[in-house]
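A short worksheet on the structure shown next.
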Amino acid sequence: MKIYSYVVDHDLGLAPNPFGQYCTLAVCKPNIRKSAKLNIGDWVIGTGSRALENVAKRSYINYLIYAMEVTEVISMDCYWRDQRFQYKKPNTGGSLVTMYGDNFYHKEGDIWVQENSAHSNINCSTNEKHLKTDVDGKNVLISDNFYYFGNQAPKIPNELLDVCHAGIGQKFVPDNIKNEFIEWLTLYHKKGINGDPVNWKQHSNLKIFI
């Protein structure tokens, strides 16, 4: 078992998207999604950042935003067509949950299409920068065993702080604390959605999901 760890700069309910039965990582973090070292049963965790602190006006450094066990990996085009994930297709005029749907890439022939989404330009046209980064990841990571905390992120115990990454990219959690971290996560926290995305604080009159 490996644990990939990275810093979450924006927590919108998009990457990861924890809604419904599955937590999915379909956009952003291409190096994790396409990693040849990634196996079913590995974990991906995201911890807090200064950017989230600036939004929420509270500390998120060394707090756990989410953790997902990778239980399935499929291609982005298969994700688009899979009946299980049609509810994750975005409706930019809908609720915050549907606004940040992450299922918006598919192929027409050899060309990738980016449907109108949170990664499109403000005029609804394709954002080529996002498209290039997102499709470079090739795969969508899927989990039915996940812990999403968002604005209710718990403080990671001092003895486990080495799980946290600093800066851009990602790291593997050191072997000597992997099992202890998973034990802390699973024994003391409830699976599923435990809070709302931190960046939803920027929306007025938001509808709380939980």
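A simple charge model with +1 on the Cβ of Lys and Arg, -1 on the Cβ of Asp and Glu and nothing else charged puts the dipole of the chain at about 300 debye relative to its Cα centre. Normalised by 2.2 N^0.38 Å, where N is the number of residues, the alpha-carbon radius of gyration of segment 124-163 equals 1.85. Quote to one decimal, in nm, the extra length available between Ser75 and Cys124 on full extension: 0.36 nm per residue of separation minus the C-alpha distance between them. Gain on extension, Ser75 to Cys124, equals 15.2 nm.
Over all pairs of different C-alpha atoms in segment 61-119, the reciprocal of the mean inverse distance, the Kirkwood hydrodynamic radius, equals 13.1 Å. Could you work out which residue, out of Gly150, Gly46, Gly94, moves most in a Gaussian network model of the chain, that is, has the largest mean-square fluctuation with Cα springs under 10 Å? Per the Cα network of the chain with a 10 Å cutoff, Gly94 tops the list. Of Val55, Val70, Val173, the residue with the greatest mean-square motion in the GNM of the chain, using alpha carbon springs below 10 Å, is Val55.
Look at where the Cα atoms of segment 140-210 and of segment 1-70 average out, and the two centres are 7 Å apart. Each of His106, Leu185, Gly94 was placed along the dipole of the chain (beta-carbon charges, centred on the mean Cα), and the one lying farthest toward the positive end is Gly94. Using the Cβ-Cβ distance between Gln86 and Asn39 with R0 set to 25 Å, the FRET efficiency from 1/(1 + (r/R0)^6) comes to roughly 0.35.
Comparing Asn17, Asn62, Asn31 in a Gaussian network model of the chain (Cα springs below 10 Å), the most mobile by mean-square fluctuation is Asn31.
Modelled spin-label separation between Lys138 and Lys155, with each label point placed 7 Å from Cα along the Cα-to-Cβ direction: 4.2 nm.
Site pair Arg58 and Ile111 shows an inter-label distance of 4.7 nm when each label is modelled 7 Å from Cα along Cα→Cβ. Of all DSSP-defined beta bridges confined to the chain, some 75% are antiparallel rather than parallel.
None of the figures in this text is laboratory data; all of them are computed from the coordinates on show. In this text the structure is predicted, and so the values were computed from the model without any measurement. A quick note on method: Cβ atoms are made from the backbone with ideal geometry, for glycine too, and the neighbour counts reach across all protein chains shown.
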